[in-house]
Every structure is written in C-alpha cells, then in structure tokens.
Amino acid sequence: MNPDITLHPDITFYYDRDCGFCEASVTLLAKLSRVRMIGASPDDQSLPAEVRRHISAEAVAMIPAEAAVVEPGVKSGRKFRYGYEAIGIALREGGTKTLFRCAGTLLLFPPLTKLWSFIYKVVASNRHKISAVLGLNACKLDSAR
C-alpha cells in the first residue's frame, strides 16, 4: 500500500489534552495512524457534545456518516467509539502499515473486548500516576473522573 494514501482522513481521534500520558501516547499513535488527532477538553464548546461528555475519562473516535453503518445497509450521522475501541479504529482505519492495521483489528476483535476494556480502564484510571512516573505533565484528574 502507498504510505502517502490517507485511509480515513475524516476519522477524528480525540484525547485528553490535559494529560501528559495521553499526550505522549497520541504522539506515538500519530506515527502509527493517519487519522486526525485533536486534544480535547470537556470545557471546549467547539467540540461535539459527545466528545465533551466522555473526554475526561476516555479517548473518543468520531467516525464520519459515510462510514458509520449502524445496521447493514442503514447509515446514520456520526458514530463514536470510546477507549480501546477508539484506538482500535484509529489503527485499523488509518494505520500507516499493515502491522498497525492488524493491531487495530485485534483491538476490535470481539472475543478479546473484555480484556482490552479491563486494560484500558486500569491504565486510564492510573494515568496521572503513570504520567508522574514517566516525568510527564500530570493529568488534571479530579474526583469526578
């Protein structure tokens, strides 16, 4: 595949811009995937409400209407995926190499969703600690997160 081809330029991956670990992770993801990546905050009124509602707790991928098939043959407006699924979509749909697209497919493989969900929740709930250990800007976690 030609590496200059953008697979899904309309997929947008949102991450918590107030989290050092999230920033570092998205820097790596940007090297592996060609989806658009945007730092987000729950207070940013320019973002879709769905993104503002979830961004404090998990990454969000917004999939364009033409790719958001709810049922076979039925299309809707934008579709959102969260957490490990957002990462999986970014890799599967925008991966710069076959290996990264396969990794995205593996993250979305139904028999493994409980495992990926558990790992994502553990990492997400400890990202402020991970940021501190790695010497990154600490996340602005509060009791609501």
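The values are calculated or read from the model by the stated rules, or taken from the named source; none is laboratory data. Nothing here was measured: the structure is a model prediction, and the numbers come from that model. Glycine also receives a Cβ, built like all others from the backbone with ideal geometry; neighbour counts cover every protein chain displayed. Each accessible area value is taken on the protein alone, full model and side chains, heavy atoms only, with ligands, DNA and RNA left out. Shrake-Rupley method; radii C 1.70, N 1.55, O 1.52, S 1.80 Å.
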Return a yes/no flag: does region 99-116 have any residue that is touching a Phe, Trp or Tyr at 6+ places or on another chain (Cβ under 6 Å), surrounded by fewer than 21 Cβ atoms within 10 Å (Cβ to Cβ) and farther than 20 Å from ILE11 by Cα.
yes
Quickly run through region 46-69 and pick out the residues that are open to solvent by 40 Å² or more (accessible area, probe 1.4 Å), more than 14 Å from the chain's Cα centre (by Cα) and under 24 Å from ASN137 (Cα atoms).
ARG53
Mind listing just one residue for me: the one in region 117-134 that is among the aliphatic types (A, V, I, L, M) and part of a helix (DSSP H, G or I) and, of those, surrounded by the most Cβ atoms within 10 Å (Cβ to Cβ)?
ALA124
Restrict the check to region 72-84 and report whether at least one residue is at pLDDT 95 or above, surrounded by 20 or more Cβ atoms within 10 Å (Cβ to Cβ), touching a helix residue (DSSP H, G or I) at 6+ places or on another chain (Cβ under 7 Å) and assigned to a helix (DSSP H, G or I).
yes
